[in-house]
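> Encoded as structure tokens, here's the structure I'll be asking about.
All of the numbers you see were taken from the coordinates with simple rules; none came from a lab. Remember, it's a predicted structure, so these values are computed and weren't measured experimentally. Virtual Cβ from ideal backbone geometry, glycine too; neighbours counted across all protein chains shown.
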Amino acid sequence: MSRVILACTGLDKAEGSVAREVAIRLAEETGAGIVCPVVLNRTPARYKRVLAENRLIVVDGCATQCAGKLAAAAGARPAQKVLVSEAVKRSGRILEPGLRLGPDALELARTIVDEIRAAETAASGETQGAGPTSAEVEFESPLDFTVVVHDKYEFRIPVTGYFFNANDVWAQVGGGRARVGISDYMQQRLTDITFVGPPAIGTTVQQFDDVGTIESTKATFEIVSPVSGTVVRANPAVADAPESINEDPYGAWIVELELAAWDEDRALLVDGPAYAVDVQRKAAED
Amino acid sequence: MSDITFMGVPRPKIPWAPTIDYEKCDFCMECDDFCPHRVFERRDGEVGLVVANPDNCVVFCRACAKTCGPDALSFPEKPEIVALIKRLRSEEDESHSEDGRE
């Protein structure tokens, strides 16, 4: 499948100029098509087929996320999303004042293009791990569930093998690794999940840092990591089909991490039966 | 709901909530539209938005800041909050040593 880029071309701030530069470079280097946000806003029909038939990369300048909102309004589902303002923060750089691209902004655009291409390679499933050192760890599907019933809702919670934080994110641990996903309770609260944005492979997180974002038709959810460690894999199946989290929340893991301090992390998590008590309370408070 | 807890700690003891930088905020209300927990409230007058219900804010969630174009929302440092929660939990454990919950 070919790719198209929908980028902020905004003149509101420097990040818009960077987003525009990223789009041009990606188009030049990969042959991707460009969707002009201004035209898309004015004449959505022009891009209807292009958006339906290609892998969509959305590059937003700032958190207003105009490009992402235009994509959503057009009914398009992005395969990848990038936010320049976050990349600026991650890089520790301060962009030059004004809208023209200085050396720092150009360097940042280069980095973002490389990250997009690396994430694409990872999502293709060929080299989704951290390389040859990334050994496979077996994780078993849960067998027994506790079911919390509230009104017409039923929330399933694995009795063993899963640990939860208070932000409704689980960790399944084995072989020095943890897989991370969200609970049945949270997927039902979010309703139809439309996008999963995992962090880059190699990202190091502390317990309770974000390990990505989930977007649904109703809300945006920050995945608060239950563990500390380094992201070694993102689940390509979930990237391709975000709705699999709704269908199988305890099988549809989002990222896998190499654990850094599991014993310490564990002390601040609860097991399945304790989480069931929390879910009962949360459901009553909703 | 004064007895709401987070990780076993009374929620009001955890100072996790957004701070609005009024030098940057343009009162676009994206954050208020986004947040389902009614952390923000709109006001008439020059300051059109306030953090009215900080204890409604989900501890460790910073999703509203990701909707903020002018980058006007900030949160406490997570490691400091984690350290505070750990300390408060150990104090709770000491004062409720018969509480069976882990």
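> Please give the average number of partner chain Cβ atoms lying within 10 Å of the Cβ of each residue in A:29-37, rounded to a whole number.
Mean shielding count: 0.
> Pop out the ³J(HN,Hα) list for the range A:27-33 in order, Karplus 6.51 cos²θ - 1.76 cosθ + 1.60 with θ = phi - 60°, rounded to Hz; leave Gly and Pro as x.
With coefficients 6.51, -1.76 and 1.60, one gets 4, 5, 7, 10, x, 5, x Hz.
> What ranking of A:LEU26, B:LEU84, A:LEU268, A:LEU143 emerges when the number of other C-beta atoms within 10 Å of each C-beta is taken as an exposure proxy, fewest first?
Listing A:LEU26, B:LEU84, A:LEU268, A:LEU143 from fewest to most nearby Cβ atoms yields A:LEU143, B:LEU84, A:LEU268, A:LEU26.
> Starting at the first residue of the range A:264-277, write each ³J(HN,Hα) from the Karplus equation 6.51 cos²θ - 1.76 cosθ + 1.60 with θ = phi - 60°, in whole Hz, x for Gly and Pro.
5, 4, 4, 4, 10, 10, 10, 7, x, x, 5, 5, 4, 5
> Another question, if that's okay. Give me a comma-separated list of calculated 3J(HN,Hα) values for the range A:217-229, in order, Karplus coefficients 6.51, -1.76, 1.60 applied at θ = phi - 60°, integers in Hz, x for any Gly or Pro.
Values, residue by residue: 5, 10, 7, 10, 10, 7, 7, 8, 5, x, 9, 9, x Hz.
> What does DSSP give for chain A in terms of the percent of beta bridges that are antiparallel, rounded to the nearest 5?
Once the DSSP bridges in chain A are tallied, antiparallel ones form about 75 percent.
> Would you mind working out the magnitude of the charge dipole of chain A relative to its Cα centre, with +1 at each Lys and Arg C-beta and -1 at each Asp and Glu C-beta, to the nearest 20 Debye?
Dipole magnitude for chain A comes out near 1320 debye.
> What average number of partner chain Cβ atoms lie no more than 10 Å from the Cβ of the residues making up A:60-70?
For this peptide, the per-residue mean of nearby foreign Cβ atoms is 3.
> Can you sort A:GLU28, A:GLU115 by how many other beta carbons sit within 10 Å, fewest first?
Exposure proxy ranking, most exposed first: A:GLU28, A:GLU115.
> In what sequence do B:TRP16, A:TRP253 fall when counting other Cβ within 10 Å, fewest first?
In increasing order of surrounding Cβ atoms, one gets B:TRP16, A:TRP253.
> If you don't mind, another one. Starting from the Cα of A:TYR153, move 7 Å in the Cα-to-Cβ direction to define the label point; list residues of the range A:189-226 whose amide nitrogen is under 14 Å from there.
A:189-192, A:218-219
> I'd like the FRET efficiency for B:ILE4 and A:GLN206, computed as 1/(1 + (r/R0)^6) with the beta carbon distance as r and R0 of 30 Å, rounded to 0.05.
0.75
> Now, a different point. Which entries of A:LYS218/B:LYS86; A:LYS69/A:LYS89; A:LYS48/A:LYS81; B:LYS13/B:LYS78; B:LYS24/B:LYS66 have Cα-Cα distances beyond 24 Å here?
A:LYS218/B:LYS86
> In angstroms, what radius of gyration and Dmax does the protein assembly as shown have, counting Cα atoms only?
My reading of the Cα-based Rg and Dmax gives 21.4, 67 Å.
> Can I ask one more? Cysteines without a disulfide-compatible partner in chain B, using Cβ under 4.7 Å as the rule?
Lacking a cysteine Cβ partner under 4.7 Å: B:CYS25, B:CYS28, B:CYS35, B:CYS57, B:CYS61, B:CYS68.
> So, one more: Per residue of B:67-74, how many C-beta atoms from partner chains lie within 10 Å of its own C-beta, taken as a mean?
Mean partner-chain Cβ count within 10 Å for B:67-74: 4.
> Sum -39500 (n - 2.57) across every DSSP H segment of at least 4 residues in chain A, then divide by the residue count to get the 222 nm mean residue ellipticity, nearest 500.
For chain A, the value works out to -10000 deg cm²/dmol.
> Which residue, A:ASN41, A:ASN54, A:ASN165, tops the fluctuation ranking in a GNM of chain A built on C-alpha contacts under 10 Å?
A:ASN41
> Right, here's the next one. For A:VAL35, what residues show an amide H to amide H distance below 5 Å, using hydrogens built from the backbone and excluding near sequence neighbours?
A:ILE5, A:LEU6, A:ALA7
> Suppose only helical runs count, i.e. DSSP H with n ≥ 4. What mean residue ellipticity at 222 nm does that imply for chain B under -39500 (n - 2.57) per run, divided by all residues and rounded to the nearest 500 deg cm²/dmol?
-7000 deg cm²/dmol
> Next question. If you stretched the chain out fully between A:LYS218 and A:ALA241, how much longer would it get, using 0.36 nm times the residue separation minus the C-alpha to C-alpha distance?
6.5 nm
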